[in-house]
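Asks: One structure coming up, written as structure tokens, with questions to follow.
Bear in mind these aren't lab numbers, they're just calculated from the coordinates by the rules spelled out. Here the structure is a predicted model, which is why all the values come from computation and not from measurement. Every residue, glycine among them, receives a Cβ derived from its backbone with ideal geometry; neighbour counts consider all protein chains shown.
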């Protein structure tokens, strides 16, 4: 069972990150998108591309980043393929890591999983 405190901290971090992207002009399309292959925390549409965002919250940005593991990245890629499967033609996309520290600051790493 997931610790309720951690669950609510994660939801709050996702809200902070969503607001960050919205201020930059992105349109939020999905939150906590689930497919048979995995989950994506936030999905945005930019002017030219889809942006899939993994949100991690911890005391520091470094400890948050360290919590993104290779197996999780594979699941995010697979879930993104599921999400994009109904779209015709080639679609530009990007995979970001959005890190939230203990005071709510956000650091975004664009194309984090390359």
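Asks: Could you give the angle, 0 to 90 degrees to the nearest 10, between helix 4-23's Cα long axis and the longest principal axis of the Cα atoms of the chain?
Replies: That helix lies at roughly 50 degrees to the long axis.
Asks: How much FRET efficiency would the formula 1/(1 + (r/R0)^6) give for residue 47 and residue 69, where r is the Cβ-Cβ distance and R0 is 22 Å, rounded to 0.05?
Replies: Here the calculated transfer efficiency is 0.10.
Asks: Oh, and also: If one takes the longest principal axis of the Cα atoms in the chain, at what angle in degrees, from 0 to 90 and to the nearest 10, does the Cα axis of helix 70-84 lie?
Replies: Once rounded, the angle reads 40 degrees.
Asks: Based on the alpha-carbon gyration tensor of the chain, what equivalent-ellipsoid semi-axes (square roots of 5 times the eigenvalues) come out, in whole Å, largest first? Can you show the working numbers first?
Replies: On the way: eigenvalues 100, 52, 34 Å².
Equivalent ellipsoid of the chain: 22, 16, 13 Å, largest first.
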